[in-house]
1. Ranked highest first by average number of other Cβ atoms within 10 Å, how do 308-315, 166-173 line up?
2. Using per-residue counts of other Cβ atoms within 10 Å, averaged over each peptide, order 130-142, 272-284 from highest down.
3. Name the aspartates and glutamates eligible as straight-distance cross-link partners of residue 185: C-alpha to C-alpha under 15 Å, and not fewer than 8 places from it in the same chain.
4. From the phi angles alone, apply the Karplus equation (6.51, -1.76, 1.60; θ = phi - 60°) to segment 338-349 and give each ³J(HN,Hα) in whole Hz, x where the residue is Gly or Pro.
5. Straight-line reach only, C-alpha to C-alpha below 18 angstrom: list the aspartates and glutamates that residue 199 could link to, leaving out same-chain residues fewer than 8 apart.
6. How long are the three semi-axes of the equivalent ellipsoid for segment 225-382, computed from the Cα gyration tensor as the root of 5 times each eigenvalue, in whole Å, largest first?
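FYI, it's all coordinate maths here, none of it is from the lab. These numbers come from a predicted model, not from an experiment. Note: ideal-geometry Cβ built from the backbone for every residue, glycine included; neighbour counts use all protein chains shown.
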Amino acid sequence: MSARDRGKQTADSAADERIKELECLYAIVEVANATAATLQEVLQRIADMLPAAWLLPEHARSRIVLDGLEMYGGGRRLSGGVRQETAIVVRGVSRGTVAVGYPQARLRRSGSAFLEEEQRLLNEVARQIARIVERKEDQQAHEALQDQLRHADRLATVGRLASGVAHELNEPLGSILGFTQLIEKTPRLPRAALGDLAKVKAAALHARDIIRKLMVFARQAPPQYSSVDLNRIVEESSGLWTWRCEDAGVRVVYELDPKLPAIVADERQILQLITNLAVNAMQAMADGGDLTVATSHGRGWVELSVSDTGPGIPPDILPRVFDPFFTTKDVDQGTGLGLSVVHGIVSGHGGSIRVESKVGRGTRMCVRLPIRPPATQSAEGGGQ
């Protein structure tokens with residue numbers, strides 16, 4: 001073969017390789033645009049198509065590793081032999097690698113098993129994968145934010161309704177309690193009548209307590225701020241619910257941060273918050289278990305967590321746990337306002353609450369509160 005023919009053959013071969021590289025990149029872009037596919041499905045498709053872009057596609061094998069998850073092209077594992085590998089860097093953090101190799105060393109005349117162009121292609125594939133990961137994660141974050149906004153809007157609507165109902169019921173309830181107390185003062189009332197009046201008063205007081213909870217949820221009861229030691233309130237509140245835990249066979253464990261800073265909060269509402277979370281956790285463990293109350297802190301915030309070893313919350317129910325009057329408990333175990341009130345208190349203090357739950361393993365409620373709520377900061381700022 002003449003030098004000219006060899007040169008033409010080399011040029012044709014290089015052109016073929018370039019075409020394969022472009023086809024590979026084009027296919028990756030198409031796969032990335034498959035919005036219905038999960039990230040794992042997208043990465044698996046990319047792993048499947050990579051060997052075809054290499055010089056010896058029938059022998060080449062590929063592997064993509066992302067956050068510990070491994071995917072192999074065509075289901076053929078890549079081990080031993082020779083390989084070229086590039087890191088997948090997402091937002092400046094190495095999250096995995098993409099590699100192509102041969103199970104047995106196949107060296108070319110240059111002494112390398114791979115073309116220089118193949119390493120450049122692999123680098124570009126890694127960059128494309130990083131962009132895909134970023135886009136998928138941004139999409140997931142956007143969807144999560146949309147869900148939070150919808151949930152917040154729903155809670156706000158229910159809060160306005162709850163506030164209106166509470167105000168409408170407060171006046172007649174006040175009248176019922178007032179007239180009941182007046183009638184009780186009537187001389188020589190039959191014992192049966194006094195017993196009935198006591199039942200009326202108890203029912204009215206129970207209704208007023210529900211209304212108070214509604215107003216806390218709707219944030220119609222303004223917080224009375226003072227310096228609060230969260231650990232102290234945890235210890236003081238325990239007297240309200242630990243005896244019930246003992247009766248239910250629930251062991252209470254405290255993991256309190258000894259260096260927890262004081263916070264500016266409504267002590268009465270924080271007491272209500274802790275009690276509601278603890279009682280809710282206790283009621284989740286019908287057959288006994290461990291209830292753990294823990295505190296911790298970071299820069300500008302403190303965190304309270306209450307966890308149980310109960311059955312956990314099913315994923316379809318999890319988004320509704322803060323909805324007023326929503327409950328999976330028996331009728332005599334609560335009104336379904338406990339966690340709604342907690343949500344209202346946390347929101348009123350400028351904090352956040354998250355739920356971590358695994359079916360069969362238990363649930364953890366985490367409340368994060370600022371050391372100084374935004375409301376107090378803005379009030380101080382306005383006075384300067």
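1. 308-315, 166-173
2. For the peptides 130-142, 272-284, the packing ranking is 272-284, 130-142.
3. Cross-link targets: 196.
4. x, 6, 5, 5, 4, 4, x, 5, 4, 5, x, 9
5. Here the aspartates and glutamates satisfying the reach criterion relative to residue 199 are 184, 209, 332.
6. Listed largest to smallest, the semi-axes of segment 225-382 are 26, 17, 14 Å.
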